[in-house]
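Structure, as structure tokens:
The values are calculated or read from the model by the stated rules, or taken from the named source; none is laboratory data. It should be emphasised that the depicted structure is a prediction, and the values quoted were computed from it without experimental measurement. Heads up, the Cβs are rebuilt from the backbone with ideal geometry, glycines too, and the neighbour counts pull from every protein chain shown. Ligands, DNA and RNA are stripped out before the accessible areas are found, and what is left, the full protein with its side chains, is counted by its heavy atoms. Shrake-Rupley method; radii C 1.70, N 1.55, O 1.52, S 1.80 Å.
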Amino acid sequence: MHATNERPLRIGVVGVGHLGKIHARLWKEVEGAELIGVFDEVAESRDAIAKEYDVLAFEALEDILDSVDAISVVTPTFAHHAVAKVAIARGIHVLIEKPITTTLEEAEELLSLAITHNVKIQVGHVERFNPALLVVEPYLKNPRFFESHRLAQFTPRGTDVPVVLDLMVHDIDVILSLVKSPVVHIDASGIAVVSEQVDIANARIKFENGAIANVTSSRISQNPMRKLRIFERDAYLSIDFATKSAEVFRLLDEEAAKAVTTPMMRLGQIENAEKPRSIVYERPVVKDLNPLKHELELFLHAIRTDTEPIVSGIDGMRALKVANEIMVSIASQTI
Ligand code: NAD
């Protein structure tokens, strides 16, 4: 990925709880990167992870920032802004876990600091690197309707923010990346069930181009699910982020059906059109890749090539803005 005469990019991980440990493990595997060390405000956590990966355990944020070129910010969301702000001000590139920050003002401040200090911000909307989404993207022409379900079993982790910011924000970001049109209306409901914050929510998002997204998230579900179904003229596409699989159903005329190269099945014929068309079912071959490792690799690539990260700070802020509007809509409903 980098020229052989370039030294590896020196990496630190700040916050090594549940997800930060995984960042540390995967950074060790990324070609062109060198994990220098970790910092966590809990000494036992940083010492344990540093020992496991044979890297340094830094005792202060400032110390790790003196030794690296880029960091993963994997603290709870409320601390993203404070950590990233100090890092960016020192010219350190930041991969900030999702959601980018708790408030839009915080996100705006980070974005403008990043411009001043010429550093990259990437946001950890990891589903964008999920191979099941990547394989479906080339099929999409003009998505009109989205139905997403992101359901998880309860865990106290992440309950410092409502489920909209914890889980739904993944689908908001994916959908915003697929619909290139502004949001014009949001109607949402949700309630707190177990935590002090909204635990289950549904939002209907309307876009200026007429596309609609019906988005459901819960963190109090018995059976986990992470699915996105996309409908457009002549096609229905289904993505299972959890199993990393995808299904595509398309209406194709004979010529187009013959050109399909993935394994396919004809499920029937539609005769009442000008040209007879087949309902063609495909299960595209999904690449075997780890989405989080791919996310780290592409962050490194954006730094090396001085290009915009795939999930930029602006993307993170847009997703947060829509999530906030969903929360406002929920607050205005009484159920
Ligand atoms: P966690 O509570 O397991 O870990 C957070 C760690 O950060 C803890 O070890 C804590 O001691 C440390 N910490 C807290 N404040 C700190 C500070 N100021 N400086 C240094 N360390 C600090 O949380 P988690 O589940 O690992 O979540 C971390 C982040 O990752 C959250 O923003 C969450 O939304 C995000 N997350 C993303 C995904 C995803 O799919 N992309 C999944 C889970 C969590």
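Going through the range 39-62 one residue at a time, which ones are away from the ligand (no atom under 11 Å from the Cβ), open to solvent by less than 60 Å² (accessible area, probe 1.4 Å) and out of contact with any Gly (no Cβ under 7 Å at 6 or more places or on another chain)?
Correct list: Y53 only.
Looking at the range 1-16, is at least one residue more than 8 Å from the ligand (Cβ to nearest atom), out of contact with any Asp or Glu (no Cβ under 7 Å at 6 or more places or on another chain), more than 25 Å from G158 (Cα to Cα) and in a helix (DSSP H, G or I)? Steps first, please.
Taking the range 1-16 as the starting set, the residues that turn out to be more than 8 Å from the ligand (Cβ to nearest atom) are 1-13.
Going one step further and asking which of them are out of contact with any Asp or Glu (no Cβ under 7 Å at 6 or more places or on another chain), we end up with 2-7, 12-13.
Checking the rest, the ones that are also more than 25 Å from G158 (Cα to Cα) come to 2-7.
From the residues that got through so far, the ones that are in a helix (DSSP H, G or I) too are none.
Checked against the condition, which is being more than 8 Å from the ligand (Cβ to nearest atom), out of contact with any Asp or Glu (no Cβ under 7 Å at 6 or more places or on another chain), more than 25 Å from G158 (Cα to Cα) and in a helix (DSSP H, G or I), the range 1-16 yields no hits at all.
Is one or more of the residues making up the range 104-118 open to solvent by 20 Å² or more (accessible area, probe 1.4 Å) and within 11 Å of the ligand (Cβ to nearest atom)? I'd like the intermediate steps shown before the answer.
Step one: filter the range 104-118 for residues open to solvent by 20 Å² or more (accessible area, probe 1.4 Å), giving 104-106, 108-109, 111-113, 115-118.
Remaining after also requiring within 11 Å of the ligand (Cβ to nearest atom): none.
Looking for residues that are open to solvent by 20 Å² or more (accessible area, probe 1.4 Å) and within 11 Å of the ligand (Cβ to nearest atom), one finds none in the range 104-118, hence no.
Which one of these is assigned to a loop (DSSP other than H, G, I, E, B), buried (at least 18 other Cβ atoms within 10 Å of the Cβ) and modelled with pLDDT of 95 or more: I330, I303, I326, I310? I'd like the intermediate steps shown before the answer.
Working: I330 fails: assigned to a loop (DSSP other than H, G, I, E, B); I303 fails: assigned to a loop (DSSP other than H, G, I, E, B); I326 fails: assigned to a loop (DSSP other than H, G, I, E, B).
Answer to the selection: I310.
For the condition of a type in the set (A, V, I, L, M) and modelled with pLDDT of 95 or more, what is the one hit in L252, L296, L267? I'd like the intermediate steps shown before the answer.
Details: L252 fails: modelled with pLDDT of 95 or more; L267 fails: modelled with pLDDT of 95 or more.
Matching residue, one of L252, L296, L267: L296.
Go through the residues of the range 150-159 one by one and say whether even a single one is out of contact with any Asp or Glu (no Cβ under 8 Å at 6 or more places or on another chain), of a type in the set (V, I, T) and more than 10 Å from the ligand (Cβ to nearest atom).
The answer is no; no qualifying residue exists.
Give me the pairs: first residue in the range 100-127 and within 30 Å of K244 (Cβ to Cβ) and in contact (Cβ under 8 Å) with a residue 12 or more places away in the chain, second residue open to solvent by less than 50 Å² (accessible area, probe 1.4 Å) and more than 16 Å from the ligand (Cβ to nearest atom), beta-carbon distance under 6 Å, and six or more apart or on different chains, which are they?
If the second residue must be open to solvent by less than 50 Å² (accessible area, probe 1.4 Å) and more than 16 Å from the ligand (Cβ to nearest atom), the pairs left are K120/H93; K120/A302; K120/I303; I121/A114.
Need pairs with beta-carbon distance below 8 Å; first residue closer than 20 Å to K244 by Cα and within the range 132-146, second of a type in the set (S, T, N, Q) and not in a loop (DSSP other than H, G, I, E, B); sequence gap 6+ or separate chains.
A132/S245; F146/N214
Residue check, R46 against (1) among the charged types (D, E, K, R); (2) assigned to a loop (DSSP other than H, G, I, E, B); (3) touching a Phe, Trp or Tyr at 6+ places or on another chain (Cβ under 9 Å), all met but one. Which one?
The single condition R46 does not satisfy is (2).
Of all the residues that make up the range 81-99, how many are touching a residue at least 12 places away in the same chain (Cβ under 8 Å) and surrounded by fewer than 19 Cβ atoms within 10 Å (Cβ to Cβ)?
Going through the range 81-99 one residue at a time, the tally reaches 5.
Specify the residue that is least open to solvent (accessible area, probe 1.4 Å); the eligible residues are those in the range 131-160 that are among the polar types (S, T, N, Q) and under 19 Å from G20 (Cα atoms).
Residue satisfying both the conditions and the ranking: T159.
If you take just the strands (runs of 3 or more DSSP E) that sit entirely in the range 173-283, which of them hold at least 2 residues that are open to solvent by less than 20 Å² (accessible area, probe 1.4 Å)? Full working, then the answer.
Working: elements: 183-191, 200-207, 212-218, 225-232, 235-240, 245-253, 264-270, 277-282.
Fully inside the range 173-283 and qualifying: 183-191, 200-207, 212-218, 225-232, 235-240, 245-253, 277-282.
Within the range 284-293, can one find any residue that is under 21 Å from L133 (Cβ atoms), open to solvent by less than 20 Å² (accessible area, probe 1.4 Å) and in a loop (DSSP other than H, G, I, E, B)?
yes
Residue by residue through the range 83-95, note down the ones that are hydrophobic (A, V, I, L, M, F, W, C), more than 6 Å from the ligand (Cβ to nearest atom) and part of a helix (DSSP H, G or I). Can you show your working first?
Residues of the range 83-95 that are hydrophobic (A, V, I, L, M, F, W, C), as a first pass: 83-84, 86-89, 92, 94-95.
Those still in the list that are more than 6 Å from the ligand (Cβ to nearest atom) too: 84, 86-89, 92, 94-95.
Selection gives A84, V86, A87, I88, A89.
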